[in-house]
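Read through the structure below, which is laid out as structure tokens, and then see the notes.
The values are calculated or read from the model by the stated rules, or taken from the named source; none is laboratory data. Keep in mind that this is a model prediction, so the values were computed, not measured. All Cβ positions, glycine included, derive from the backbone under ideal geometry; neighbour counts span all protein chains shown.
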Amino acid sequence: MGKVAVGVAVGVAVAACAVAGVVVGRRVGSRRKWKRVVSVLKELEEACETPVGRLRQVVDAMAVEMHAGLASEGGSKLKMLLTFVDHLPTGSEIGTYYALDLGGTNFRVLRIQLGGRRSSILSQDVERQPIPQHLLTSTSEDLFDFIASTLKQFVEKEESGSEPSPVRTRELGFTFSFPVKQSSLRSGILIKWTKGFAIEDMVGKEVVTLLEAALVRSGLDMRVALLVNDTVGTLALGRYHDADTVAAVIIGTGTNACYLERADAIIKCQGLLTSSGYMVVNMEWGNFWSSHLPRTSYDIDLDSESPNPNDQGFEKMISGMYLGDIVRRVILRISLESDIFGPVSSRLSIPFILQTPLLAAMHEDHSPELKEVAKILKETLEVDGLHARPATPLVGILKKIGRDGSGGITGGRNRSDVKMKRTVVAIEGGLYTSYTMFREYLHEALNEILGDVAQHVSLQVTEDGSGIGGALLAASYSSYSVDGVNML
Ligand code: BGC
């Protein structure tokens with residue numbers, strides 16, 4: 001997925017650059033200056049070329065890396081983390097559950113009431129809070145005290161006027177969207193931060209212990225039922241609505257995927273016992289890397305100037321946190337090499353000044369002049385690397401689990417029996433849901449790589465899946481339920 005991501009980033013850069021370059025170019029009307037712009041774009045185009053053969057190489061690399069990551073600890077850049085989630089919501093869940101969803105610059109607290117039938121969420125209340133910037137680099141105690149007090153206020157507001165149950169403790173699903181090495185459903189240590197968080201004292205610590213300590217300090221009576229990644233929450237909500245859902249993908253600030261794997265294919269955990277014979281695996285595909293990925297000088301510079309070089313390579317190529325900055329780098333280079341923008345603006349040198357939503361807005365400007373410009377650029381420069389990148393890792397998963405029509409890399413017994421089943425992938429994240437062209441390119445690339453098999457694969461947007469799915473899993477794993485069936 002990593003290399004594929006690079007392609008996406010470059011494609012976006014090309015598109016945005018083309019638009020900016022053309023607008024200014026038309027105004028200035030200088031052939032010589034244009035030649036420099038064209039040569040920078042040409043170089044980009046070549047660096048990010050993704051013919052279908054190359055995409056297939058990335059798909060294969062992804063499936064091989066998945067296998068290696070399942071075979072041994074540290075066997076691949078794909079961590080393939082155990083989640084201990086071995087059953088997903090069925091619809092039988094009943095009752096009121098909370099979730100805390102922490103994974104970006106906002107966090108959410110939620111409360112849902114479940115009616116005991118598939119897709120029967122009777123009510124759901126969500127509150128979103130931005131995390132004050134200073135807390136992203138502060139101490140774990142400061143961060144969790146802030147979260148616990150927000151949660152407490154939310155609970156008090158939600159429950160005002162109703163008596164809390166004397167026999168039942170509130171239960172919470174904790175969605176924590178960073179790489180965590182779990183040792184059980186309720187425990188796990190933070191491996192590293194991603195997406196700009198840098199709270200040093202937390203790395204290597206038990207995440208649930210820190211949250212529980214803060215809940216105690218705040219005086220809130222609540223039990224953390226389980227700890228999940230946002231991909232796992234999304235899979236849970238996808239499954240709650242559609243029993244054919246087997247994988248989930250996030251393409252937002254960061255990127256990642258999880259899927260349902262056979263327990264006997266998780267070779268690094270010999271003898272892993274699960275109630276279903278399956279376990280959800282958190283791939284952490286943001287860290288994927290393959291030499292087949294088209295990496296440009298802009299990707300290389302962004303990585304080397306980041307606080308975590310050589311880390312999260314794929315995420316840096318495609319996700320919302322980084323795409324805008326890749327485009328900024330391209331525009332800066334054009335500006336430095338040709339004076340079509342006039343004197344080089346000092347703002348162009350400010351990292352992350354161009355945020356991805358702005359980039360999406362530029363890319364989706366369909367006003368007649370820019371449309372024509374984009375068309376000319378596409379036709380003369382064949383700038384079309386964007387579409388291919390986000391789809392390839394997804395097909396990598398389908399290949400690994402034998403749902404791409406090729407028989408797949410099974411890591412165990414033959415899976416040809418399942419290969420043409422309907423396959424639903426739950427998907428969440430602003431880049432996919434709000435960036436129309438990104439979404440269209442992804443669909444095009446899926447069709448291109450999968451051919452006829454694409455008709456069996458459906459991508460379902462699972463809005464707020466990370467949080468709601470966390471609460472659903474709290475219900476599935478409630479201490480008041482037996483085998484996923486809630487007894488109250
Ligand atoms: C994190 C993943 C998370 C993804 C999407 C990545 O930076 O490492 O755990 O699932 O972002 O939020």
*Filtered residues of the range 100-123 (kept if within 16 Å of the ligand (Cβ to nearest atom), modelled with pLDDT under 90 and not in a strand (DSSP E or B))*: GLY104, THR105
*Give the range 77-99 a look and list any residue that's over 19 Å from the mean Cα position of the chain (by Cα) and assigned to a loop (DSSP other than H, G, I, E, B), or say none.*
PHE84, ASP86, HIS87, LEU88, PRO89, THR90, GLY91, SER92, GLU93
*For the range 107-164, which residues satisfy the criterion of being of a type in the set (Gly, Ala, Ser), free of Cβ contacts under 8 Å to residues at least 40 places away in the same chain and surrounded by 12 or more Cβ atoms within 10 Å (Cβ to Cβ)?*
GLY115, SER120
*Please specify each residue of the range 157-189 satisfying the condition of being away from the ligand (no atom under 16 Å from the Cβ), modelled with pLDDT of 95 or more and closer than 19 Å to ILE112 by Cα.*
GLU171, LEU172
*Scan the range 185-237 residue by residue and report those that are of a type in the set (Gly, Ala, Ser) and without any contact (Cβ under 8 Å) to a residue 40 or more places away in the chain.*
GLY188, GLY204
*asked:* I want to confirm something. Restricting to the range 194-227 and keeping residues that are within 14 Å of the ligand (Cβ to nearest atom) and surrounded by fewer than 19 Cβ atoms within 10 Å (Cβ to Cβ), which single residue is farthest from ASP145 (Cα to Cα)?
replied: GLY196
_Just to confirm my filter: which helices (runs of 4 or more DSSP H) fall fully inside the range 255-351 and include at least 2 residues that are surrounded by fewer than 24 Cβ atoms within 10 Å (Cβ to Cβ) and of a type outside the set (Val, Ile, Thr)?_
297-304, 320-337
*Failed item in (1) in the same structural domain as GLU46 (by TED's automatic domain parsing); (2) without any contact (Cβ under 8 Å) to a residue 40 or more places away in the chain; (3) away from the ligand (no atom under 16 Å from the Cβ); (4) farther than 27 Å from ARG54 by Cα, with GLU337 passing the rest*: (2)
*Which pairs do you get when a residue that is without any contact (Cβ under 8 Å) to a residue 40 or more places away in the chain, found in the range 54-80, comes within reach of a residue that is surrounded by fewer than 17 Cβ atoms within 10 Å (Cβ to Cβ) and in a loop (DSSP other than H, G, I, E, B), reach meaning Cβ atoms under 6 angstrom, with the pair 6+ apart or on two chains?*
ALA68/GLY75
*asked:* What's the number of the only condition in (1) within 15 Å of the ligand (Cβ to nearest atom); (2) part of a helix (DSSP H, G or I); (3) among the hydroxyl-bearing types (Ser, Thr, Tyr) that TYR240 fails to meet?
replied: (1)
*Residue among THR209, THR194, THR175, THR231 that is assigned to a loop (DSSP other than H, G, I, E, B) and touching a Ser or Thr at 6+ places or on another chain (Cβ under 9 Å)*: THR194
*Residues satisfying the stated conditions in the range 283-312, i.e. within 14 Å of the ligand (Cβ to nearest atom) and closer than 19 Å to VAL395 by Cβ*: MET283, GLU284, TRP285, GLY286, ASN287, PHE288
